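The values are calculated or read from the model by the stated rules, or taken from the named source; none is laboratory data. Worth saying up front: this structure is predicted, and the values here are computed from it rather than measured. So basically every Cβ, Gly included, is an ideal-geometry build from the backbone, and we count neighbours across all protein chains shown. Accessible surface areas use protein heavy atoms only, side chains included; no ligands, DNA or RNA. Shrake-Rupley method; radii C 1.70, N 1.55, O 1.52, S 1.80 Å.
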Amino acid sequence: MMKDIHELLMRSFEEKLSEPEQRRLENALKKSKELQLERDEIIKMRSLFQHFTISENPTFTKAVLKRVELSKSENVQAVLVRLFPRIAAACILFLLVSILGLYLVDGGLSMDSIVGLDNISEDTITYLEF
Amino acid sequence: MPFTIKTKTVKANHTTDIELVQLFQSGEVNAFKQLVQRHQEQVRKTVIGMLGEGAEAEDVAQEVFINFYKKIDSFRGESKLSTYLTRIAINLSLNEIKKRKRNQSRYLSIDKEENIFQISDKKDYSVQIETKEIIHKALANLDEDYRVVIVLRMIDGYSTKEVSEILQLPMGTVGTRLARGQKKLKEILKKYL
């Protein structure tokens, strides 16, 4: 019974009660000093919260815009970091294919074949000497 | 009165939130600045209500707008922007509370009721600062489930229906949490009522 009245009391702060409910609450309030005290405490508490204020922060907008700018550059970095393994893998693959190609063409991996000296003809060497 | 924000700033132009979002999407960079200016008080109030005043709360409030900035293209205006931002603010605040719990932060590890009002007893504090202190300490002693509902309903002034939309909870659950939260608050604040 008392639990019902407490529920009604709490609900009365949130919504309009139906007429019978309102009458029941009013009757209970007339009869019970304890309930009146409780209602008064809730009113005071709610008023305390209604007067809750926060300090002004004049630099807030500026700080947000600064962080937005920062997050944009972080995004570019993030893209680079994300792409780095793929770029590195592509480079390694290219190197491996080049070395394999060289091996297949020259039949070995001597320093001359790597730098391309093994394909230079005698005439060219003479020309290069002068 | 340095600790009061007088009233919500009403902009001279009457561009709606959704219009500002569309302007931003079409390349008008200043529109985002206007949105921040328009909603910062509400967002800060929610975050400060959840976390208490301090640098961490300011950081989280800024993070709300950065989060919004990143997702602005997906904002279609199905819900009001203030509701959308409040939802982000609540989620980020709850994450921060979890982080604090993990780090055994001072704010939530203060002793319960017996030490809770130590600071407020100092006589040289102005009434306003004292009220804020009382509210912050009382809220810090509430479970997050209750605190969220109390902050949204009693500090931000959302209706029960709006609270249920923001938290995506049934109205009945919001009502129950609100009632239990107020009961608990009343016990904590007894000597001030």
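So for the pair B:Glu19, A:Phe84, with labels modelled 7 Å out along Cα→Cβ, what separation do we get in nm?
Roughly 4.7 nm, to one decimal.
Go through segment B:135-140 residue by residue and turn each phi into a ³J(HN,Hα) via Karplus (6.51, -1.76, 1.60, θ = phi - 60°); whole Hz please, and just put x for glycine and proline.
5, 4, 5, 5, 5, 5
For segment B:174-193, state which residues have at least 40 Å² less accessible area in the presence of all protein chains than in their chain by itself, taking the probe as 1.4 Å and leaving out ligands, DNA and RNA.
Output list: B:Gln182, B:Lys186, B:Leu193.
After finding the eigenvalues of the alpha carbon gyration tensor for segment B:20-78, what semi-axes result from the square roots of 5 times each, listed largest first in whole Å? Could the numbers behind the result be given before it?
Working: eigenvalues 114, 23, 18 Å².
Equivalent ellipsoid semi-axes, largest first: 24, 11, 10 Å.
Show me you know the interface measure: the accessible area buried between A and B, both chains summed, probe 1.4 Å, in Å² to the nearest 100. Please list the in-between numbers first.
On the way: alone 11880 and 11640 Å², together 20020 Å².
It comes to approximately 3500 Å² buried between A and B.
In nm, to one decimal, how far is the A:Glu74 label point from the B:Asp73 one, both placed 7 Å along Cα→Cβ?
Label-label distance for A:Glu74 and B:Asp73, simple model: 1.9 nm.
For B:Glu96, what charge total do you get from the other residues with a beta carbon under 13 Å from its beta carbon, if Lys and Arg give +1 and Asp and Glu give -1? Walk me through the numbers before you get to the answer.
Values: positive: B:Lys98, B:Lys99, B:Arg100, B:Lys101, B:Arg102, B:Arg147; negative: B:Glu56, B:Glu58, B:Asp59, B:Glu63, B:Glu144.
Once positives and negatives cancel, what remains is +1.
Summing Lys, Arg as +1 and Asp, Glu as -1, what charge do residues with Cβ under 12 Å from the Cβ of B:Val29 carry, B:Val29 excluded? Intermediate values should be presented prior to the final figure.
On the way: positive: A:Lys72, B:Lys33; negative: A:Glu69, B:Glu28.
Net charge in that neighbourhood comes out at 0.
Run the quick spin-label model on A:Lys30 and B:Asp145: label points 7 Å from Cα toward the beta carbon, then report their separation in nm to one decimal.
3.9
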